[in-house]
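The values are calculated or read from the model by the stated rules, or taken from the named source; none is laboratory data. Since the model is a prediction, treat every value here as computed from it, not as a measurement. Every residue, glycine among them, receives a Cβ derived from its backbone with ideal geometry; neighbour counts consider all protein chains shown. Side chains are part of the model used for accessible areas, which takes the heavy atoms of the whole protein and leaves out ligands, DNA and RNA. Shrake-Rupley method; radii C 1.70, N 1.55, O 1.52, S 1.80 Å.
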Amino acid sequence: MPATKLRAIFSAWWPLAASWLFMGTELPMISAVMARLPDPKIHLAAYGGVVFPIALIIEAPIIMLLSTSTALSKDAASYQKIYRFMMWAGGILTLAHFLLAFTPLFYPLVQGLMQVPDEIVEPSRIGLMIMIPWTWSIAYRRFNQGVLIRFGHSKAVGVGTAFRLAANGLALFAGWHIGGLPGIVVGTSGIAAGVLTEALYVGLRVRPVLRGPLQAAKPVEPRLSWRFFYGFYIPLALTAFINLVTQPLGSAALSRMPLALESLAVWPVLGGFIFMWRSMGFAYQDVVVAQLDTPGTTRSIQRFTWLLAAFSIGGLGLVAGTDLGRIWFQTVSGLETELVDLARRGLWIALLWPALSILQNYYQGVIVSGKKTWVVTLSIVVFMAVTGLVLFFGTLEGRFTGLFVGLVAFQSGYGAQALVLAAFSRPVLRRAANRDADLFGQAAAAD
């Protein structure tokens, strides 16, 4: 029985993990192309230190639409209600992105607040202009991906991400082949092409589900109200916002520490590689939310969690401890020799990051399953506080390389967040374990 449960969890997990892995390869792919275009250090720093973190902050209020749609899009009326929220939120956030990129609001934020090196200011603004389609496309596809997962079509999520990666790759190849284009233009054009393509695919793929299983689904009682929706969603949205606000906070701190430009240039490359390993955990939260409702799965979910964590540490340690690290950062990513050495040292420091993400997403899935989403917000506040303190003291000390301080800061934050989530998840896990024990006892009595 345990082996059967593990296979069921694996079957639910791997398509979503493949989707996140595809997304995880996106940043290294972009970095590899930008590293081979003129002034790579400047354009990599602009993308990883300004454009990507700001774009993530703007999309933060809608990033939790995937988990929300998976949990709440149970009938046609609920779908329509969340759809209206998605359209309004996506439109308003896209307008905010436009105003930031195309008006003087850009300079007080990037030059005044973030204080990035002068040479990356204008490339950053160009990148933000090209990234305009980012937020609405992500809102639309994450919302509809939740519906696909809810009705048993999680494999379609991975297919959509494959289309996104293909469109991104074609745009990057075209930009590199044309030659003469700034790296920031090529990189952000690839991103924009990818997210638009994925949104188009998901919109087409979800139509049969909307016409069939969703329409046939039994209406939820009581009906989904705006009060319940906002009570469920706002804590998750605040969580995403606080989490992503920390990204430019990290860039701002790196800008104030030794080897600032080098750290900012390596940050997106190393971060993209770590993201690929962390993707195993990102995919896991929605699996836990869905699987924990299934009787008899509690212990198998816990076992699968620790297997994933151990695999992530062992795999990343293999790359860090062998020549695979040099091959990735130099041959694949195209970094200069001095940056390759910096990235390889950083990889050792980041060894626990993927495992911490797996544990954090496991416990967060337990909390969401228990409908206690306010705990998720509390945990992210702790994450930001711990991360911010480490970055602050690193900046104050002024002796340590910014990249290394950033890696320690974020891992410390995720570790603290996982501890908070673990503490509050105990009642939910206890109820699930008692349910499974009762089920086992009933089965034994029947035998």
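For a paramagnetic label modelled at 7 Å from the Cα of Ala77 toward its Cβ, which residues of the range 220-236 fall within the zone defined by backbone nitrogen distances under 15 Å? Correct set: 220-229.
About the centre of its Cα atoms, the range 1-114 shows a dipole size close to 340 debye [charges on the beta carbon of Lys, Arg (+1) and Asp, Glu (-1) only; nearest 20 debye]. The aspartates and glutamates whose alpha-carbon is closer than 15 Å to the alpha-carbon of Lys371, local same-chain residues fewer than 8 away aside, are Asp286, Asp293.
Within the same chain, aspartates and glutamates fewer than 8 places from Lys81 are excluded, and of the rest, those with a Cα less than 16 Å from its Cα are Glu221. Were the residues from Arg326 through Lys155 laid out at 0.36 nm apart, the gain over their Cα-Cα distance would be 58.2 nm. In terms of its C-alpha gyration tensor, the range 1-121 comes out oblate, because a/c is 1.5 or above while a/b does not outweigh b/c.
Normalised per residue, the accessible area of the chain is 41 Å², obtained with a 1.4 Å probe and no contribution from ligands, DNA or RNA.
Label positions at Leu113 and Ala8, each projected 7 Å from the Cα along the C-beta direction, are separated by 4.7 nm. Dividing the C-alpha radius of gyration of the range 311-447 by 2.2 N^0.38 Å, with N its residue count, gives 1.43.
When the accessible area of the range 170-311 is split by element with a 1.4 Å probe, what percent falls to carbon and sulfur? Carbon with sulfur: 68 percent of the solvent-accessible area. Based on the alpha-carbon gyration tensor of the range 216-336 and its eigenvalue square roots a ≥ b ≥ c, which shape applies: rounded if a/c is under 1.5, prolate if not and a/b is larger than b/c, or oblate? In terms of gyration-tensor shape, oblate. The chymotrypsin sites (Phe, Trp or Tyr not before Pro) of the range 268-353 include none that meets both conditions, a loop assignment by DSSP and at most 16 other Cβ atoms within 10 Å of the site Cβ. The alpha carbon centroids of the range 307-380 and the range 5-70 are separated by 13 Å. Extension gain, Ala310-Thr294: 0.36 nm per intervening residue step, less the Cα-Cα distance, totals 3.3 nm. Here the chain is treated as a sphere whose radius is the Kirkwood value from Cα pairs; by Stokes-Einstein at 37 °C and 0.692 mPa s it diffuses with a coefficient of 146 µm²/s.
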